[in-house]
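The values are calculated or read from the model by the stated rules, or taken from the named source; none is laboratory data. Please read all numbers here as calculations on a predicted model, not as lab measurements. Neighbour counts are summed over all protein chains in view; Cβ atoms, including those assigned to glycine, are modelled from backbone coordinates with ideal geometry.
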Amino acid sequence: MSELSTPVAPGGAQVAVLGGGCFWCVEAVFQGLRGVSSVQSGYAGGHVDNPSYEQVCDGNTGHIEVARITFDPAVLSFEDLLRVFFATHDPTTPGRQGNDVGPQYESAIFAQSAEQSTAAAKIIAEVNAAGIYDAPIVTQVLPDAHFWPAEDYHRDYFARHPGQGYCQFVIAPKVSKFRQQFRDRLAQG
């Protein structure tokens, strides 16, 4: 993790790397958020170079399924990005999101800078203090780690497979809840 400011992508955009269970869910939520220019599913935090989905699903590589989110901080602050993150997954269950169980489904923030790490701690304290959940948040705030893009067939999974069972029964309700709760922050189109 850099001790300097958050790395800036071309055009002044910043990057957040978040793990909130299945990356298909995280991708589907953040693609609908105003200020987000791209979301890419992948893996971070493990000890195997260029892991495959199957290797990560075995739970032995140390990787977490994540989404790499590029956003415009002039439109959407990192803190507000995290507020959406904490509202759209269960940050109180270690190694689990619903029926998805294993270390690859940890709730995690891979801080890209000291500023992101500080902001993450602040928002975690804010959410805990608000009593939104019956249990404390177990989301890990981890240092920046190499991001390995997921295989191409994972890209835009929800948009390309809306009739698939997992999409209908897990992702669609999550996206619907997001759209209701954050109606004022939805991207146009």
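Summary of values
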read-out: R160, sole failed condition from (1) over 16 Å from G21 (Cα atoms); (2) among the charged types (D, E, K, R); (3) touching a residue at least 12 places away in the same chain (Cβ under 8 Å); value: (3)
read-out: So V56, is it surrounded by 15 or more Cβ atoms within 10 Å (Cβ to Cβ), among the β-branched types (V, I, T) and under 25 Å from S37 (Cα atoms); value: no
read-out: Restricting the range 59-89 to residues that are among the acidic types (D, E) and surrounded by 17 or more Cβ atoms within 10 Å (Cβ to Cβ), the residue that is nearest to G12 (Cα to Cα); value: D80
read-out: When residues of the range 152-189 are limited to those that are within 14 Å of L33 (Cα to Cα) and outside any helix (DSSP H, G or I), the one modelled with the lowest pLDDT; value: G189
read-out: In the range 116-151, the residues that are assigned to a helix (DSSP H, G or I) and either closer than 20 Å to V66 by Cα or among the β-branched types (V, I, T) (or both); value: Q116, S117, T118, A119, A120, A121, I123, I124, V127
